[in-house]
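Read-outs throughout are calculated quantities, based only on the coordinates presented, and are distinct from any laboratory measurement. Just so you know, these numbers come straight off a predicted model, no measurement behind them. Reconstructed Cβ throughout: ideal geometry from the backbone, glycine too, with neighbour counts over all protein chains shown.
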Amino acid sequence: MNATVDIPRFVRAKQVEALPPPNLARGPIAWIRENLFSGPFNTILTLAVFYLLYVSVPPLVKFLFIDAVWTGTDRAACRADAGGSESGACWAFIRDKINYFVYGSYTISERWRVNIFFALLALGVVWLLWLKAPRRDLGAVYFFWVFPVAAYILLTGGNADFGGRFWLGFAIFGALLIALFAFVAAVLKTSMRPALLVGGGIVAVIGITLALVDFDFGLAHVPTSLWGGILVTLLVATVGIVVSLPFGIVLALGRRSKLPLVRLASVVFIEFVRGVPLITVLIMANTMLPLFLPGDMTVDRLLRPLIGTALFASAYMAEVVRGGLQAMPKGQYEGAMSLGLNYPQMMSLIILPQALRIVIPGIVNTFIGLFKDTSLVAIVGIFDLVKTIEASRIDPNWAAPTIGITGYAFAALFYFIFCFGMSRYSLGVERRLAAGQKR
Amino acid sequence: MQTIASQTSPPKKSFLYDPKVRGIFYQVVLVAAIVFLFYVAATNAIENLQRAKIASGFGFLSNTAGFDISQTLVQFSAAGGSYGDAFLVGLLNTLIVSAIGIVFTTILGFLIGIARLSRNWMVAKVAMVYVEVLRNIPLLVQLLFWYIAVLGALPQPRNSLEMGAGFYLNSRGLFMARPIYASDAWVLIAVLAVGLVGTFVYRRWARKQQEQTGRQYPVGKVTLALVLGLPVLTWVLLALAGANPVSFELPRKGTFNLTGGMQILPEFVALLLGLVTYTAAFIAEVVRAGILAVSKGQTEAASSLGLTPGQTLRLVVIPQAMRVIIPPLTSQYLNLTKNSSLAVAIGYPDLVQVFMGTVLNQTGQAIEVVVITMGVYLTISLVTSFVMNIYNRRVAIVER
Amino acid sequence: MKKALVSIAFGLTASLFATGASAQATLASVKQKGFLTCGSNTGLAGFGQPDAQGNWTGLDVDLCRAIAAAIFDDPTKVRFIPLAAKDRFTALQSGEVDVLSRNSTMTMSRDTQLGLDFPAINYYDGQGFMVRKKLGVSSAKELNGASICTQQGTTTELNLADYFRANNMKYEVVAFATSDETFKAYDAGRCDAFTTDASGLYSERLRASAPDDHIVLPEIISKEPLGPAVRHGDNQWGDIVRWTHMAMLNAEELGVTKANVEQMKNSDNPEIKRLLGTEGKFGEATGLTNDWAVRIIKHVGNYGEVFEKNVGEGSRLKIKRGQNALWTKGGLQYGIPVR
């Protein structure tokens, strides 16, 4: 600072006349002026947007609603040369095919089973996602065990008919497993009871699951090649979430593990899967899985993309969960350890409940991505919603110029409702969690 | 000390309780399991391949392909091209659609992201609707839509839309004049190089001048003159002098379609449109988050310095927001590249369509083809992350 | 840790299953399952196509039904697995399907290098072109400079390249992954011509938004003997598939039809007697029963009946018998004698 510089000063000596009050500080007109026409640039922008809306929205509304064909039994309704209208969406086509879009070719007399599946799925989703739902721990058991088993039996018909040899093998396996637990307990000189309980519990859960799948409930078998439409779309998404969450947690823990080889294996898997497009994973599952299995053993055609999407989603889920684990303050880990908890106890009782809670928005966002990605199974020939629409597009009974656009509009609407709903939910949870963090 | 030490000396316990021993045990089990899994898979694969009499190894890459591809950036023909050439063609097609897509989606994404924060209510709302709609509909559905929309909107070749200057548009694509370079075209390239170097030097000089004296020099106009004006002027002069460094092959009407010239496929356009509009919605969110991360004080300080809103955005907010934006932006670029594999649904000959589609089918060598294709995407991902990490380190704030 | 356990468990179960299922003859495993799995087209009218309820119809489908009828005396004991062109051979090799009846071309490399056998040819076909009428094209030779839609990963794609190269013509190929996408693109005006097997052209034309606007060009540019495929090495199973087709051919030749098969059992014609199992033990030699042919004809019909119903005059495709007529009527279908 140079002290010799004379800084010019200005001191007002006279009262300035008050400005007139703003003539419109409130009300819609003021709001419009403030928000839309506050300057020349803004005015031009607003007018440009209005013009854009003018050229896009009215034709869209006209196409989707006003000129749309709502009723009809075949293509005549949507063809100008047959007396129909070609200028609007052909919703009659969707109405005619809606059962195909929902169930695919699922045996008609058995479709009530699919409806129950939808209901069970809705129940599980609400139970898990509604933060105030009672007994959400039971909800997790329901969603990750009871529901998958029930869904499998309902959709395929159960009655897997393993045969005596299989059960003999399982009995030996179960006995060996319990013996292994007992042996470990004996070696470690810990009490025998919990070890036997855990071992017996694992065997019991697997045994009950297999028995249920084996049991003949008198439901007709419906081969997976008949499944299709929204059923398959929801199925792929559900399997994706049911598998990817536990598997993603394991991978995330592996990546944060202190054991170098465990960490390396997790990192390689996660980065590999995240570095390649889903479609290549699906094609790999489709063409290479049969090669890796022994001899005549085959994998169901629907199961292959299910495995592919589940693995794919697991890698992304792992990164979300890892974010949650990293966000946990170190004190939590140290506190848990100072209480004498071992690693599984620390993770399952202290860290994961908190970490998973803060990453619910991330999990839901991953799930939105997974839900959209389910449409890719259409490329490997699975009849999901997109594929059923593609297949119906070339039905000669409905050959009309607007069929394609109408079908895609329907698919877009379906996906939009689900994804938008989920993203709103995730925003809501985020806000609630943020509210808890505010001081 | 000694007494305390003897008191707290660890009780004799089984070595099984040693965390190190346990750690080694777990790792051995994991490695054994992985090795076992790979061993089973590999032996099965070998047995299955032998049973199915499928050849293995990468020798097939030099076999004659025998099929044609619609868009080839390098010379390729059914007669002369090998599977390896087909791979190259597919790879280049993937790269070109990704590269062009990244440029356009960045522009669109930034515009929409900034628009979402606009004080103009209409602009902000329209941008929000755009983001919500595009983000929540699967890209595959959008691509299929764009493909029939593009095909449906375009006229048949016989009624091609003539747009002047050798541009034609029809359902076979966009046709334009193809430049044919004569032997003296190097002059133009040299002049262009001179222009580029000159611009670079001038910009550095201008910046230095501004830092030292505060005077601003017209950077944009000079750049334009040097990069564009200079070559054009040279061209005109050369043409006047009688030489013709560049001539154009115009598309002509053939029996079915226009022949000659350059052609941009409708599949390419549909794929590009789909990728750009879809990814832009995600980039817009990234940009919005980045801008919001810049504290309000920065904007206020910039306004109080007398910068216009445009200048504030360009000189103060965006440079700081870039730190937050770059990492997620990188993953969006990678997503776009990976999503370009959806080309297979609309028949654009990208890597997956050509190599994992046709070549896999013709040769039956699933393992080799899948490994190569995945390797390519993996390499692209890793290299991009690596480069972006370097850039990220450069723009990161240097803290004391 | 959990992951390691899971993988061990997976490996164990995998090896368990493997010992149970491998190294079994196809006929025995089909009988044990109680049904036949048949790899079929994802949807080609007249050859193999499911309706919205999942009921399959078509020439190739009926061959599978005939095999099921021969084994179980019940043509409904078949499960159809729709396969895309690129998945079909892997599905057969891996044992997912017992027989692949999906208009697949028999070629030397497929027969010798892919571990497949083609026991019979149930449709003689060739590759052709379809164009819009208003283009005014009447021969494939006039297609110089045209853009052509084709399905990738098929012999079609290769034949196309060969044909245009041999005739020194230029073309632009637009290849799609499935036949549906290919035809949709052609129908939307993306290409001037659409190429596939001639039978496929007729069947796809039905799906055009205006079928009468399209014509099939007369040139046939390739030989496409289409037939069922089985895994190489199981000769008994190959015999069953071959003789199922032959039984249908011989039945047509001898005039045995779905309607009169029961009366024909009393025929004095020794050829008919041998075919229908009233003389000799030809069926048992293949692992079936002696009335195998009766079962086939009773439930499914002879070749002519099946042809007429699915692709011939009785169907919407209205394909002429042509090369697929019996040898006695100038065609190529030649029933090997049962004796």
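Taking neighbour Cβ counts within 10 Å as the exposure measure, how do A:Asp300, C:Asp291 sort from fewest upward?
Going from sparsest to densest Cβ surroundings: A:Asp300, C:Asp291.
Quick one: net charge around C:Val99, please, counting Lys, Arg +1 and Asp, Glu -1 for every other residue with C-beta under 12 Å from its C-beta.
On the way: positive: C:Arg65, C:Arg79, C:Arg88, C:Arg102, C:Arg231, C:Arg242; negative: C:Asp60, C:Glu96, C:Asp98, C:Asp117, C:Asp234.
Around C:Val99, the charge tally is +1.
Could you tell me what a quarter of the Cα convex hull surface of chain B works out to, in nm² with one decimal place? All intermediate terms of the calculation are to be shown ahead of the outcome.
Values: hull surface 144.4 nm².
Seen from a random direction, the Cα hull of chain B projects 36.1 nm² on average.
If amide H atoms are built 1.01 Å from N in the plane of the peptide, which residues on other chains or at least 5 residues away come under 5 Å of the amide H of C:Gly39?
C:Ile81, C:Asp98, C:Val99, C:Leu100, C:Ser101
With helices defined as uninterrupted DSSP H runs, which ones in chain C have an alpha carbon span along their own long axis of at least 20 Å and mean Kyte-Doolittle hydropathy of at least 0.5?
Details: long enough: C:2-21 (28 Å, 1.16); C:235-254 (27 Å, -0.40).
Taking the DSSP H segments of chain C (at least 20 Å long, mean hydropathy at least 0.5), we get C:2-21.
Per the Cauchy relation, a quarter of the hull surface: what is the mean projected area of the convex hull of the alpha carbons in the range A:239-382, in nm²? Walk me through the numbers before you get to the answer.
Details: hull surface 38.4 nm².
For the range A:239-382, averaging the hull's shadow over all directions gives 9.6 nm².
Could you list, in their original order, any pairs among A:Lys387/C:Lys170; C:Lys33/C:Lys298; C:Lys133/C:Lys170; C:Lys31/C:Lys281; C:Lys298/C:Lys329 whose Cα atoms are separated by more than 26 Å?
In this structure, A:Lys387/C:Lys170 lie more than 26 Å apart at Cα.
Enumerate the lysines that A:Lys132 could reach by cross-link, defined here as Cα to Cα under 24 Å, with residues fewer than 8 away along the same chain left out.
A:Lys438
For A:Glu86, what residues show an amide H to amide H distance below 5 Å, using hydrogens built from the backbone and excluding near sequence neighbours?
For A:Glu86, the qualifying residues are A:Ala80.
Going 7 Å from the Cα of A:Leu176 in the Cα-to-Cβ direction, what parts of the range A:211-225 have a backbone nitrogen less than 20 Å from that spot?
A:211
Using θ = phi - 60° and the Karplus curve 6.51 cos²θ - 1.76 cosθ + 1.60, what whole-Hz ³J(HN,Hα) does each residue of the range B:350-361 get, with Gly and Pro shown as x?
So the J values, rounded to whole Hz, are 8, 4, 5, 5, 6, 8, 7, x, 5, 5, 4, 5.
What ranking do A:His221, C:His245 get, fewest neighbouring Cβ atoms within 10 angstrom at the top?
On the way: A:His221 13, C:His245 24.
By the 10 Å Cβ count, ascending, the order reads A:His221, C:His245.
Tell me, what HN-Hα J-couplings in whole Hz come from the Karplus equation 6.51 cos²θ - 1.76 cosθ + 1.60 at θ = phi - 60° for each residue of the range A:140-148, using x for Gly and Pro?
5, 4, 4, 6, 9, 10, 4, 4, x
Counting only other residues whose beta carbon sits under 14 Å from that of C:Arg110, what net charge do I get with K and R as +1, D and E as -1? Walk me through the numbers before you get to the answer.
Values: positive: B:Lys53, C:Lys86, C:Arg88, C:Arg102, C:Lys223, C:Arg231; negative: C:Asp111, C:Asp117, C:Glu224.
Value of the local net charge: +3.
Spelling out what I want: for every residue of the range A:180-197, take phi, set θ = phi - 60°, compute 6.51 cos²θ - 1.76 cosθ + 1.60 (Karplus), and round to whole Hz; glycine and proline get x.
Using θ = phi - 60°, the values come out as 4, 4, 4, 4, 4, 4, 5, 5, 7, 6, 9, 5, 7, 4, x, 4, 5, 4 Hz.
Compute the length gained on full extension between A:Ala30 and A:Leu349: take 0.36 nm times their separation in residues and subtract their Cα-Cα distance, giving the result in nm to one decimal. Display every interim value, and only then the final one.
Values: separation 319, 0.36 × 319 = 114.84 nm, distance 5.61 nm.
Length gained between A:Ala30 and A:Leu349: 109.2 nm.
Using modelled backbone amide H atoms (1.01 Å from N, in-plane), which distant-in-sequence or interchain residues come within less than 5 Å of C:Lys258's amide H?
Counting only residues 5 or more places away or on other chains, the set is C:Asn302.
What ranking do A:Lys372, A:Lys258 get, fewest neighbouring Cβ atoms within 10 angstrom at the top?
Details: A:Lys372 20, A:Lys258 9.
Neighbour counts put them in this order, fewest first: A:Lys258, A:Lys372.
With an 8 Å cut-off on Cα pairs and a minimum separation of 6 or more residues, tell me the relative contact order of the range B:183-247 in percent. Spell out each step's value before the answer.
On the way: 40 pairs, mean separation 31.0, N = 65.
With pairs under 8 Å counted, the relative contact order is 48 percent.
Throw me the Rg/Rh for the protein assembly as shown, computed over C-alpha atoms with Kirkwood Rh, two decimals.
1.01
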